[in-house]
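Here is the structure we will look at, set down as C-alpha cells.
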C-alpha cells in the first residue's frame, strides 16, 4: 500500500505541468520595489503555485518616483505629490523594460541570433502584487484548472496579436468585443499587473510613451498612454481574467493607499 501511495504521488508530480508560462513567454520581467519584502515573497509563492521557476524570469527593481527629476514627475496628471511621484516611477519602470527588451531584440536580429530573437520576440511584464487564478473571497483565491484555461487562451490567441492583457478594467465607455470563449478585443484597456507585448508592437508602444515624455503637456499614467493604441491594433484581454491584484500597498499612489482585499475585474463581465 505504501508503495502504491508513493507511486501515485510520483505520478501526480510528473503529470502536473503547471501553466508552462515560460514556454509561451521566454522573456518574463517581474517588477518589485524590494526583493526581500513580504509582498515579493508572496509573489514567489504565486509563481510556485503555477509552476514558474526562479530561473524563468528576470527581476527588475522598480524606480522610486522621488528619484526622478521634478521636471518629469511634476507633469504627472494629479494634484497629489506622492501620487505624481508614484505614477512617474511606474511609468519609467515600464518604459525602461520595454525599451531594453526592444533593444535586445533588435541586436539579436542584427546578429541573426535565432535563439536570442526567439527569447525577446515577446515580453511578459508582471508586477509583484499580481496573483493568479480566481478571487474567491476578500483574501482568498483558487488556481483550480486555471492551467488548462490558460493553455486554451493561448490556442485561441490570434497569431497576429500585438498585446495580451491577463486582466483589464471594465469600462462602459470603451467596451470590449468578445472574439472567443476566453478572449476579447480591447478598445482601451488599463491595468498593468500582467500583460504581454509582441516584438512587432514594441516600436509603437515606445513611440507613444516617448511622445508623452518629450511633450510639454500633462502626463497620463503609463497604462492610459498605452491604452490609446488598443483600438487601432490587435490587443486582447483574457476574460474572465486569469490574474488579480493582491491586497497590498499601492506604490503607484505613492505608498499612501492600501487595499485590504483581493481585486479582480472582468473587462467583458
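Being at pLDDT 95 or above, touching a helix residue (DSSP H, G or I) at 6+ places or on another chain (Cβ under 9 Å), more than 25 Å from residue 143 (Cβ to Cβ) and buried (at least 17 other Cβ atoms within 10 Å of the Cβ), is that true of even one residue in region 42-60? No, that holds for no residue.
Enumerate the strands (runs of 3 or more DSSP E) found wholly within region 173-268, keeping only those where 2 or more residues are in contact with a strand residue (DSSP E or B) (Cβ under 6 Å, 6 or more places away or on another chain) and surrounded by fewer than 18 Cβ atoms within 10 Å (Cβ to Cβ).
Details: elements: 177-180, 183-185, 194-198, 235-238, 243-245.
The strands (runs of 3 or more DSSP E) meeting that bar are 177-180.
Which residue is surrounded by the most Cβ atoms within 10 Å (Cβ to Cβ), if the candidates are limited to region 93-113 and must be part of a helix (DSSP H, G or I) and out of contact with any helix residue (DSSP H, G or I) (no Cβ under 8 Å at 6 or more places or on another chain)? Talk me through it step by step, then tell me what you get.
Here is the first cut: in region 93-113, the ones part of a helix (DSSP H, G or I) are 93-111.
Applying the additional criterion that residues be out of contact with any helix residue (DSSP H, G or I) (no Cβ under 8 Å at 6 or more places or on another chain) yields 93, 96-97, 100, 103, 106, 110-111.
Numbers: 93: 24, 96: 13, 97: 19, 100: 15, 103: 13, 106: 15, 110: 8, 111: 10.
Applying the filter and picking the extreme gives 93.
Scanning region 116-150 for residues that are modelled with pLDDT of 95 or more, within 20 Å of residue 18 (Cα to Cα) and surrounded by fewer than 16 Cβ atoms within 10 Å (Cβ to Cβ) yields one hit, 148. Yes or no: residue 166 modelled with pLDDT of 95 or more, more than 15 Å from the chain's Cα centre (by Cα), more than 30 Å from residue 79 (Cβ to Cβ) and crowded, with 20+ Cβ neighbours inside 10 Å? So residue 166 fails the test. Looking across region 70-92 at every residue that is over 30 Å from residue 121 (Cβ atoms) and surrounded by 20 or more Cβ atoms within 10 Å (Cβ to Cβ), the one that is nearest to the chain's Cα centre (by Cα) is identified as 86.
The values are calculated or read from the model by the stated rules, or taken from the named source; none is laboratory data. All values derive from a computational prediction rather than experimental measurement. For neighbour counting, all protein chains shown are included, and Cβ atoms are generated from backbone atoms with ideal geometry for every residue, glycine included.
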